[in-house]
1. For the subset of the range 97-128 comprising residues that are small (G, A, S) and in a strand (DSSP E or B), which member is nearest to F289 (Cα to Cα)?
2. Within the range 266-300, restricting attention to residues that are in contact with a strand residue (DSSP E or B) (Cβ under 9 Å, 6 or more places away or on another chain) and not aromatic (F, W, Y), which residue is surrounded by the most Cβ atoms within 10 Å (Cβ to Cβ)?
3. Can you say whether G373 is under 30 Å from L443 (Cβ atoms) and either in contact with a helix residue (DSSP H, G or I) (Cβ under 6 Å, 6 or more places away or on another chain) or of a type in the set (F, W, Y) (or both), as far as the supplied structure shows?
4. In the list A212, A195, A208, A185, which residue meets the criterion of being under 30 Å from M231 (Cα atoms) and among the small types (G, A, S)?
5. Identify, by number, the condition in (1) part of a helix (DSSP H, G or I); (2) farther than 30 Å from N264 by Cβ; (3) of a type in the set (D, E) that D348 doesn't meet.
6. Within the range 216-244, how many residues are exposed (fewer than 15 other Cβ atoms within 10 Å of the Cβ) and under 13 Å from K169 (Cα atoms)?
7. Which fully enclosed helices (runs of 4 or more DSSP H) of the range 209-320 have 2 or more residues being charged (D, E, K, R), more than 30 Å from R75 (Cα to Cα) and at pLDDT 90 or above?
8. For the range 348-367, how many residues meet the condition of being without any contact (Cβ under 8 Å) to a residue 24 or more places away in the chain and either closer than 30 Å to P163 by Cβ or of a type in the set (V, I, T) (or both)?
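The values are calculated or read from the model by the stated rules, or taken from the named source; none is laboratory data. On a predicted model such as this, the values are computed, not experimentally measured, just so you know. Heads up, the Cβs are rebuilt from the backbone with ideal geometry, glycines too, and the neighbour counts pull from every protein chain shown.
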Amino acid sequence: MLKFIRSLTKGTLVLSVLCPAFLLTASNLHAQKMLTLEEAIATALQNNYDIQLSKNDSAVAALDYSFRNAVFIPRLNGNLGTTWNNNAQKQTLADGSKRESKGIKSNNIAAGLALNWTLFDGLKMFATRDKAAEYIRLGELGIKNQVVSTVATVINNYYDIIPQKQQLKAVEEQMSINNERVKLAQYKLDIGTGAKPDVLQSKVDLNAQKAAQLNQQTLIAQLKEQLNQVMNVASGTNYEVGDSIILDTKLALGDLQHELEKTNPSLLIAKKNIDIANFSLKERRAERFPVVSFNSAYNFSRVDNKTVINPFSPLFSQAKGLNYGFTAAIPILNNFTTRRLIKQAQLDIQFQQLVYGNQRSLVNLSVLNAFKGYEAQKKALQLEEENILLAKENVTIIFETYRLGASTYIQLREAQNSLEIAYNRLISARYNTKLAETELLRLKGDLVK
């Protein structure tokens with residue numbers, strides 16, 4: 001199976017081949033250790049339960065579509081039956097004579113073939129056939145919509161791990177600084193220029209960073225389990241993901257809004273429901289017309305009486321023959337059922353049109369809001385990238401002056417806190433920008449081609 005998947009690392013479309021060698025399994029994970037985003041997406045497309053359920057729904061529509069021309073085929077029914085009789089008869093004739101007998105046995109055999117071929121039904125059969133075609137298109141759109149949603153979920157889950165890895169590195173960087181702080185505070189205490197509280201506080205801060213490290217490692221493991229569930233691979237499957245979030249910062253609002261009604265999966269589904277509702281209306285309107293049918297039957301019957309009490313009754317009788325003809329069923333009055341069904345079909349069309357209009361409004365609003373968030377996060381990211389450099393430089397300067405005794409412990413700790421906050425904000429800005437980018441591509445329908 002071939003899928004065009006938008007590469008979120010380069011902002012371009014790449015062709016991914018979904019083959020067994022490419023898919024993620026527990027065995028090859030231990031061998032390769034590194035899981036790329038494209039491999040995670042390919043694995044999810046192959047294994048994800050939601051996609052499989054969507055494919056199953058589409059398969060039902062495809063099965064109905066494969067029998068779409070059956071509405072034009074005549075119906076042929078056969079019947080065969082035999083009856084054994086054992087009766088007692090008593091008769092009084094007009095001349096007053098009486099006849100009575102017991103144990104009158106007979107065998108009746110009847111068989112027949114009946115054919116009914118609808119030649120005209122107000123074109124309802126054509127509407128039914130075309131409606132089946134629309135249902136299979138609706139199923140395809142449903143699969144694409146689920147695929148787009150699943151790809152977006154994989155991307156978000158995958159990139160949710162990376163910020164936590166970056167956060168872990170930031171914590172470990174703070175730990176290295178705290179280690180130096182502990183050594184330096186202890187050294188100053190040993191030579192008589194430091195204070196015992198500085199040593200104790202440095203150790204407390206170091207232990208706090210160690211606890212934060214453990215929490216980050218646990219959080220990363222939990223996020224990997226969430227990704228495993230989306231990809232539908234074995235629980236406990238371990239791997240590494242990338243270390244950086246590559247952003248596409250060149251998305252334009254005009255390009256995203258261009259032909260949105262032709263690319264957004266939810267809008268395409270809503271529009272297809274309108275088409276299906278129109279075919280349902282054609283089916284209801286066709287019920288106003290006469291139904292002209294060709295009918296034919298071949299019948300065979302045989303009666304074998306062992307005995308009779310009426311001399312004019314046959315002991316054996318057999319009949320067979322073919323008959324055919326045309327019938328026209330003309331609807332005259334059916335408690336206004338047809339009129340009611342037509343009005344219901346018209347109301348359904350209006351309802352589906354309202355659903356489409358509402359969905360279009362929501363999608364347009366979502367695109368505008370997501371793009372505003374995307375632009376805001378890009379600006380915030382730029383500020384945080386500048387800010388992290390300042391925070392790092394500040395910690396370096398204060399640490400060196402603290403080593404020389406020109407700054408206080410409190411100043412160094414405040415500088416470290418500022419650096420930690422700067423890291424958190426930078427990591428959050430990168431991840432939020434990627435989320436906004438993914439959401440825009442999902443709304444556009446460009447995650448999957």
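1. Top of the filtered list is A114.
2. Once the filter is applied, the top-ranked residue is S293.
3. yes
4. A212
5. The single condition D348 does not satisfy is (2).
6. The qualifying residues number 3.
7. 265-286
8. Looking only at that region, the number is 2.
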